[in-house]
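What follows is a short report on a single structure.
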Amino acid sequence: MEVRIGVVYSPKELTLELDGAPEQIVAHVEKALADGAPILWLHDDKDRRIGIPVDKIAYVEVAADDEGRRVGFGR
């Protein structure tokens, strides 16, 4: 699934491909925010660890894989 995270004072957003259900990702982010964790650690589908400072998170967008995505100029 694709997760986009906006970071305060950054014009670009982080785009990650993560394994798991959307509910799991949302719960993980909410837990980090509620617990006051300094860093939100995520593991992407290539087994990399990404750390985002929790106090700099502007927004989180979770989008399930869209099988209907189209590439190219066809109808």
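Which residues in region 29-67 have a backbone N closer than 15 Å to a point placed 7 Å from the Cα of Tyr9 along the Cα-to-Cβ line?
Correct set: 53-58.
Among Ala34, Ser10, Val54, flag the residue with its Cα farthest along the positive direction of the charge dipole of the chain, charges on Cβ as +1 for Lys/Arg and -1 for Asp/Glu.
Ser10
Taking the Cα-to-Cβ direction at Asp19 and at His43 and moving 7 Å from each Cα, how far apart do the two end points lie in nm?
Modelled inter-label distance: 0.8 nm.
Can you pull the Kirkwood radius for region 2-63, inverse mean 1/r over Cα pairs, to one decimal in Å?
Here the Kirkwood hydrodynamic radius works out to 11.8 Å.
For the chain, what is the relative contact order in percent, using Cα pairs closer than 8 Å and at least 6 residues apart in sequence?
Values: 99 pairs, mean separation 28.4, N = 75.
Computed value for the chain: 38 percent relative contact order.
Starting from 0.36 nm per residue, how many nanometres of slack lie between Ala27 and Glu2 once their C-alpha separation is accounted for?
Using 0.36 nm per residue and subtracting the Cα-Cα distance, I get 7.4 nm.
Against the longest principal axis of the chain, how steep is helix 22-35, in degrees 0 to 90 to the nearest 10, with axes from Cα atoms?
Taking the Cα atoms of the chain, the angle to 22-35 is about 20 degrees.
How large is the dipole of the chain about the Cα centre if only Lys and Arg carry +1 and Asp and Glu carry -1, each at its Cβ, rounded to the nearest 20 debye?
In debye, rounded to 20, the chain gives about 340.
Stretch Ala34-Ile50 to full length: gain in nm at 0.36 nm per residue minus the Cα-Cα span?
3.8 nm
Rule-based calculations on the coordinates, nothing more; no lab input. This is a predicted model, so every value here is computed, not measured. Counting neighbours? That spans all protein chains shown, and the Cβs are built from the backbone with ideal geometry, glycine included.
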